[in-house]
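Q: This structure is in structure tokens; I'll ask about it shortly.
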Ligand code: DAK
């Protein structure tokens with residue numbers, strides 16, 4: 001598929017979505033957000049794609065935030081509309097029942113950090129920098145950051161980052177659990193593809209139920225969430241993949257999954 005502000009390439013079963021406004025450090029204006037929304041629709045609808053990697057064009061930035069030049073003149077009504085657009089798209093990333101990772105190749109600030117936090121997990125390059133610098137602009141995080149950051153790194157660290165507007169290194173992001181792994185920049189995509197190739201070799205039906213349980217259960221009361229897990233794992237037993245996976249184990253042969 002062709003987009004003006006992002007690249008959408010499929011290799012094997014994995015889509016690589018590259019935010020592509022490198023002159024503005026891939027800042028999220030409405031055009032880029034609308035392209036991202038369409039790319040996510042394609043990812044969701046295309047059964048040949050089982051997962052995605054989101055990254056940024058160029059060597060400097062993943063996404064340096066919401067587009068400040070677009071936002072600067074907004075009144076509260078316009079800000080609410082823009083916020084809704086971004087929030088819906090980031091919520092969509094969580095509701096697509098396919099694994100989506102972020103390969104953070106540089107600045108992930110403000111809306112950029114919020115974008116990578118909406119993904120299922122994150123790898124980073126050594127030059128990546130993370131932060132929620134909105135207070136420096138007289139605003140606050142608006143694309144879910146005040147909610148996703150504390151859930152990922154704990155309330156104390158999230159408050160320190162959001163109140164101070166400080167930027168942290170990839171190493172610090174690794175220490176606080178914001179990213180899973182850090183690689184040299186020229187290895188980041190290769191390593192991201194390696195893990196996504198492993199993940200997308202698994203049956204799509206099992207991946208779908210895993211993500212549904214992880215995402216939908218995370219903010220529920222634990223016993224309610226475990227009840228949801230029970231319902232979803234029961235559904236797995238209606239799938240051909242469960243029959244094949246367990247038969248293959250018992251017959252001591254590799255499984256041939258259909259989905
Ligand atoms: N928006 C627009 N343009 C940006 C940008 C951004 N966020 N970040 C960088 N650019 C542009 C620069 O203006 C510059 O453009 P030209 O001057 O060349 O035309 C070009 O990218 C290169 O940037 P620099 O020259 O500044 O590059 P440096 O290496 O010197 O610095 C930097 C890199 C990432 C440290 C610096 O660019 C920077 O501090 N950028 C801003 C980072 C930031 O504050 N990000 C958070 C944005 S606020 C809401 C919805 C969402 C949000 C809030 C509310 N609602 C609607 C209510 C979320 C807010 C944010 O994300």
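Derivation of every value follows stated rules applied to the coordinates shown; laboratory data play no part. The structure presented is a predicted model; accordingly, all values stated were derived computationally and were not measured. Backbone-built Cβ (ideal geometry, glycine too); neighbour counts: all protein chains shown.
Q: Using a basic spin-label model with each label point 7 Å from the Cα along Cα→Cβ, how many nm lie between residue 38 and residue 95?
A: 2.1
Q: Which three semi-axes in whole Å describe the equivalent ellipsoid of segment 122-259, each the square root of 5 times a Cα gyration tensor eigenvalue, listed largest first?
A: The equivalent ellipsoid of segment 122-259 has semi-axes of 37, 22, 10 Å.
Q: Given q = 0.13 Å⁻¹, what are the Debye log10 I(q)/I(0) values for the chain, with equal point scatterers placed on the Cα positions and solvent ignored?
A: Rounded to two decimals, the profile gives -0.85.
Q: Angle between the Cα long axis of helix 155-164 and the longest principal axis of the chain, 0 to 90 degrees, nearest 10?
A: The angle comes out at about 30 degrees.
Q: Follow-up question, since we're still on this one. Could you check what % of the DSSP bridge pairs in the chain are antiparallel, to the nearest 5?
A: Details: 10 of 32 bridges.
Of those bridges, close to 30 percent are antiparallel.
Q: Could I ask something else about it? Looking only at segment 82-105, which residues have a backbone nitrogen under 19 Å from a spot 7 Å from the Cα of residue 4 in the C-beta direction?
A: Those under the cut-off are 82, 85-86.
Q: Calculate the length of the line joining the C-alpha centroid of segment 47-75 to that of segment 164-237, in whole Å.
A: Here the answer is 20 Å between Cα centres.
Q: Using just the alpha carbons, could you tell me how many Å³ per residue the convex hull of segment 1-103 encloses?
A: Convex hull of Cα atoms, per residue: 91 Å³.
Q: Going highest first, how would you order 98-105, 75-82 by mean Cβ packing within 10 Å?
A: Result, highest mean first: 98-105, 75-82.
Q: Output the 0 to 90 degree angle, nearest 10, between the alpha-carbon long axis of helix 240-250 and the longest principal axis computed from the alpha carbons of the chain.
A: 60
Q: Could you work out the Kirkwood radius for segment 165-229, taking every pair of different alpha carbons, averaging 1/r and inverting it, reported in Å? Each step should come with its number before you reach the end.
A: Details: mean 1/r = 0.0683 Å⁻¹.
Answer for segment 165-229: a Kirkwood hydrodynamic radius of 14.6 Å.
Q: Sorted by mean Cβ packing within 10 Å, highest first, what order do the peptides 224-233, 125-134, 22-31 take? Could you put the intermediate results ahead of the total?
A: Values: 224-233: 13.5, 125-134: 22.4, 22-31: 19.1.
Top to bottom by mean Cβ count within 10 Å: 125-134, 22-31, 224-233.
Q: Where does helix 185-200 land angle-wise versus the long Cα axis of the chain, in degrees 0 to 90, nearest 10?
A: 40
Q: Per-residue ellipticity at 222 nm for the chain, helices alone: DSSP H runs ≥ 4 residues times -39500 (n - 2.57), over residue total, nearest 500 deg cm²/dmol?
A: -15500 deg cm²/dmol
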